[in-house]
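Everything on this sheet refers to the single structure shown next.
The values are calculated or read from the model by the stated rules, or taken from the named source; none is laboratory data. Predicted, not measured: the structure shown is a model, and the values here were computed from it. Note that each Cβ is placed from the backbone with ideal geometry, even for glycine, and that neighbours are counted across all protein chains shown. Protein only, heavy atoms only, side chains kept; ligands, DNA and RNA dropped before computing areas. Shrake-Rupley method; radii C 1.70, N 1.55, O 1.52, S 1.80 Å.
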Amino acid sequence: FVEEDHCDDLEAYKRLKDETDKIHVHPIFCPDSILDVNSDDFLKRIELLQKVSSTTISGMTTLATALSKRLDYFNVNGCTVASHNISELRYISVTKEEASKILKKRMMDYKLSSIEEHKLRLYLLKFFLKEYAIRDMVCQIHIGILPSHYKKSEGKKGQGHETISTHTFVDELHHILG
């Protein structure tokens, strides 16, 4: 299993599948860049998602459609696992209407408040969890990863280390998964 961005074309996996049946390599769906809603690259990621999903994203419904298309694409290409690296997780109740308003604000290139950021991230995470269940996918969530401490080892592809927070996130997980 190898982690791939949700917008990847998976051509390397397709070639391997065509070339041999002795090696089984499966992609892992990683939509972390969409969950990083306040990043400077968020709007560029939305543009790329529109392109690879052939979907014009104008709000939450069309974002969900585009992400579902990508999940279907990964699933058809052998993906059965999703992975999320989340540095901080706060449970704040959010409705689809609230998440939609927050997304539209962000798509107009406004930065979100901390509460808005957590609400939108939580809404999207819950969306993904439901979609994974529909496709019978396993999801691994790495919570408390400190982004300033994550780095790839020099010259060693695929190797690195992560530092995690001492916060347990048990209450937050109870609300999200319960």
For this session: Run GLU19 past the list (1) more than 19 Å from TYR132 (Cβ to Cβ); (2) acidic (Asp, Glu); (3) at pLDDT below 80; (4) touching a Ser or Thr at 6+ places or on another chain (Cβ under 8 Å) and report the number of the one that doesn't hold.
Result: (4)
For this session: Among the residues of the stretch 82-101, write down those that are touching a residue at least 60 places away in the same chain (Cβ under 8 Å) and either open to solvent by less than 20 Å² (accessible area, probe 1.4 Å) or more than 19 Å from the chain's Cα centre (by Cα) (or both).
Result: SER83, LEU89
Exercise. Looking at (1) outside any loop (DSSP other than H, G, I, E, B); (2) in contact with a Leu (Cβ under 9 Å, 6 or more places away or on another chain); (3) at pLDDT 90 or above, which is the one condition that is false for THR55?
Worked result: (1)
Problem set entry | Filter result for TYR73 (part of a helix (DSSP H, G or I) and in contact with a Gly (Cβ under 9 Å, 6 or more places away or on another chain)) | no
Exercise. Which one of the conditions (1) open to solvent by 20 Å² or more (accessible area, probe 1.4 Å); (2) of a type in the set (Gly, Ala, Ser); (3) over 16 Å from the mean Cα position of the chain (by Cα) does GLY59 fail to meet, given that it meets all the rest?
Worked result: (1)
Exercise. Only one of (1) at negative phi; (2) surrounded by 12 or more Cβ atoms within 10 Å (Cβ to Cβ); (3) out of contact with any Lys or Arg (no Cβ under 7 Å at 6 or more places or on another chain); (4) at pLDDT 60 or above is not met by GLY144, so which one is it?
Worked result: (1)
For this session: Please identify the pairs in which a residue from the stretch 111-136 that is closer than 18 Å to VAL81 by Cβ has its Cβ atom under 8 Å from the Cβ atom of a residue that is of a type in the set (Asp, Glu), counting only partners at least 6 apart or on another chain.
Result: ARG135/ASP72
